[in-house]
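*Asks:* Dropping the structure in here first, questions after.
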Amino acid sequence: MQNIIIRNATIDDIEKIADIKIEGWQTAYRGIVEDNYLDNMDREKEIEKRRKNIDKGVNIIVAESNNEIVGFCLYRNFNNYPEKYPNADCEISSLYVTSKLKRNGIGRKLMQYVIELLKKEGKTKMILGCLKENYPSRAFYEKMGGKVINYDEIEFGDKKYGLAMYEYDITNM
């Protein structure tokens, strides 16, 4: 694996970020989320969603290798769900690595980078949600120090799916 550069995403990265997310869902969630939903993910809608994220100043970082985006992480330096998770003061809402490069340390680098940024801002408790049946990703999040604090639900299309909610005490990481 070549050197990985972690940097803030720019508007020029949006299409690649959208492609990584769609490819990530279509591989990691196959057999969990309905095929019809996965097969009909709309690239243009995903591009527009990420463009709005960048325009609104949402925190997105990318991992780059050989001038190619190979992963990204979207995080918040606040808790988007304070009523459900009052102890958390920040969260990671998306973490994806292109499937051909998984298990090369890219996800770990992205997550560690975000945790360091959040710690510098004085944040202490981070949450992260993962589909309950996505066992490979859950194993990764647990290896990174996450503890399941709740099981929730999330809806895609017309169907609800189980969601494992993790909490990280980032002061000790």
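Read the figures in this text as sums done on the coordinates, not as results from a lab. Bear in mind the structure is a predicted one, so any value in this text is a computation, not a measurement. Cβ atoms come from the backbone with ideal geometry, glycine included; neighbour counts cover every protein chain shown.
*Asks:* Which of the aspartates and glutamates could a cross-linker bridge to Lys56, judged by Cα under 16 Å and excluding same-chain residues fewer than eight apart?
*Replies:* Cα-Cα hits under 16 Å: Asp12, Asp13, Glu46, Glu48.
*Asks:* Provide, for q = 0.11 Å⁻¹, the log10 of I(q)/I(0) from a solvent-free Debye sum over equal Cα point scatterers in the chain.
*Replies:* -0.45
*Asks:* What residues from region 139-170 fall in the zone where the backbone N is under 15 Å from a label point 7 Å along the Cα-to-C-beta line of Glu83?
*Replies:* From region 139-170, the list is 153.
*Asks:* Just name one of Asn172, Ile69, Met126: the one whose Cα is farthest towards the positive end of the charge dipole of the chain (beta-carbon charges, Lys/Arg +1, Asp/Glu -1).
*Replies:* The listed residue farthest towards the positive side: Asn172.
*Asks:* Taking the chain as a Gaussian network, where each spring joins two C-alpha atoms under 10 Å apart, which residue of Asn80, Asn36, Asn59 fluctuates the most?
*Replies:* Asn36
*Asks:* I'd like the FRET efficiency for Glu68 and Arg30, computed as 1/(1 + (r/R0)^6) with the beta carbon distance as r and R0 of 25 Å, rounded to 0.05. Can you show the working numbers first?
*Replies:* Working: r = 24 Å, r/R0 = 0.96.
After rounding, the FRET efficiency stands at 0.55.
*Asks:* Within region 1-62, report the trypsin sites (Lys or Arg not before Pro) that DSSP leaves as loop and that have at most 15 other Cβ atoms within 10 Å.
*Replies:* On the way: sites: Arg7, Lys16, Lys21, Arg30, Arg43, Lys45, Lys49, Arg50, Arg51, Lys52, Lys56; in loops: Lys56.
Within region 1-62, the qualifying trypsin sites (Lys or Arg not before Pro) (loop, at most 15 other Cβ atoms within 10 Å) are Lys56.
*Asks:* What is the fewest-to-most order of Ile115, Ile92 by other Cβ atoms lying within 10 Å of their Cβ?
*Replies:* Fewest-to-most ranking of Ile115, Ile92: Ile115, Ile92.
*Asks:* From the backbone phi of region 142-155, what are the Karplus-calculated ³J(HN,Hα) couplings (6.51 cos²θ - 1.76 cosθ + 1.60, θ = phi - 60°) in whole Hz, Gly and Pro given as x?
*Replies:* 6, 4, 7, x, x, 10, 5, 10, 5, 10, 10, 10, 9, 10
*Asks:* Using only DSSP helix segments of four residues or longer, with each worth -39500 (n - 2.57), what per-residue ellipticity at 222 nm results for the chain after dividing by its residue count and rounding to 500?
*Replies:* Counting only the DSSP helices, I get -10000 deg cm²/dmol.
*Asks:* Same structure again: Can you run phi through the Karplus equation (6.51, -1.76, 1.60; θ = phi - 60°) for region 23-39 and list ³J(HN,Hα) in whole Hz, with x for Gly and Pro?
*Replies:* Here the 3J(HN,Hα) series is 4, x, 5, 5, 9, 6, 9, 4, x, 10, 8, 3, 4, 4, 5, 5, 6 Hz.
*Asks:* log10 I(q)/I(0), Debye, Cα-only region 1-103, no solvent, q = 0.11 Å⁻¹?
*Replies:* Taking Cα atoms of region 1-103 as identical point scatterers yields -0.38.
*Asks:* Let me ask something additional. Output the pairs from Lys102/Lys160; Lys84/Lys160; Lys21/Lys160; Lys49/Lys119; Lys52/Lys100 with a Cα-Cα distance over 24 Å in this structure; if there are none, say none.
*Replies:* Among Lys102/Lys160; Lys84/Lys160; Lys21/Lys160; Lys49/Lys119; Lys52/Lys100, the Cα-Cα distance tops 24 Å for Lys102/Lys160; Lys49/Lys119; Lys52/Lys100.
*Asks:* Under 5 Å between amide hydrogens, which residues at least 5 positions from Phe156 or on another chain qualify, with H placed 1.01 Å from N in the peptide plane?
*Replies:* Tyr161
*Asks:* Calculate, for Glu155 and Asp19, the FRET efficiency according to 1/(1 + (r/R0)^6) with r their C-beta to C-beta distance and R0 22 Å; round to the nearest 0.05.
*Replies:* Working: r = 24 Å, r/R0 = 1.08.
After rounding, the FRET efficiency stands at 0.40.
*Asks:* Run the simple label-point estimate for Arg7 and Gln112 please: 7 Å along Cα→C-beta, distance reported in nm.
*Replies:* Between Arg7 and Gln112, the label points sit 2.1 nm apart.
*Asks:* OK, next. Starting from the 7 Å offset along Cα-to-Cβ, what nm value, one decimal, do you get for the label separation of Asn172 and Ser99?
*Replies:* The answer from the label model is 3.6 nm.
*Asks:* A further question follows. Only Cα pairs under 8 Å and at least 6 apart count here; give the relative contact order of the chain as a rounded whole percent.
*Replies:* Working: 274 pairs, mean separation 34.5, N = 173.
The value is 20 percent.
*Asks:* Give me the net charge for the shell around Lys125: Cβ to Cβ below 14 angstrom, other residues only, Lys and Arg +1, Asp and Glu -1.
*Replies:* Its environment carries a net charge of 0.
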